[in-house]
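These notes are about the structure you will find just below.
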């Protein structure tokens, strides 16, 4: 997960730097930038989905552990 977050941070910084200077570029560069921006948005959205999925998985593990512990307490009380 840290690798993805580091990559996002690195790409965001580079994107911001380029975006500040792109207005000085040629039409070809501006067109290329527009295409890359679309890919960036898709990448960022996928990265957020991946992070959300991992968060959900971690929450399910915690909840599952709590249910297991409760079952064990109830079973022990029934003995």
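Only the coordinates and a few stated rules stand behind these numbers; no lab work does. These numbers were taken from a predicted model, which means no experiment stands behind them. Don't worry about glycine lacking a Cβ; one is built from the backbone with ideal geometry, like all the others, and counts go over all protein chains shown.
Scan region 20-29 and tell me whether some residue there is within 18 Å of the chain's Cα centre (by Cα), free of Cβ contacts under 8 Å to residues at least 40 places away in the same chain and part of a helix (DSSP H, G or I).
Our first condition is that a residue be within 18 Å of the chain's Cα centre (by Cα); within region 20-29, this holds for none.
Taking every residue of region 20-29 in turn, none turns out to be within 18 Å of the chain's Cα centre (by Cα), free of Cβ contacts under 8 Å to residues at least 40 places away in the same chain and part of a helix (DSSP H, G or I).
Could you tell me which of the residues 39, 54 is touching a residue at least 24 places away in the same chain (Cβ under 8 Å) and either in a helix (DSSP H, G or I) or farther than 30 Å from residue 11 by Cα (or both)?
Working: 39 fails: touching a residue at least 24 places away in the same chain (Cβ under 8 Å).
Answer to the check: 54.
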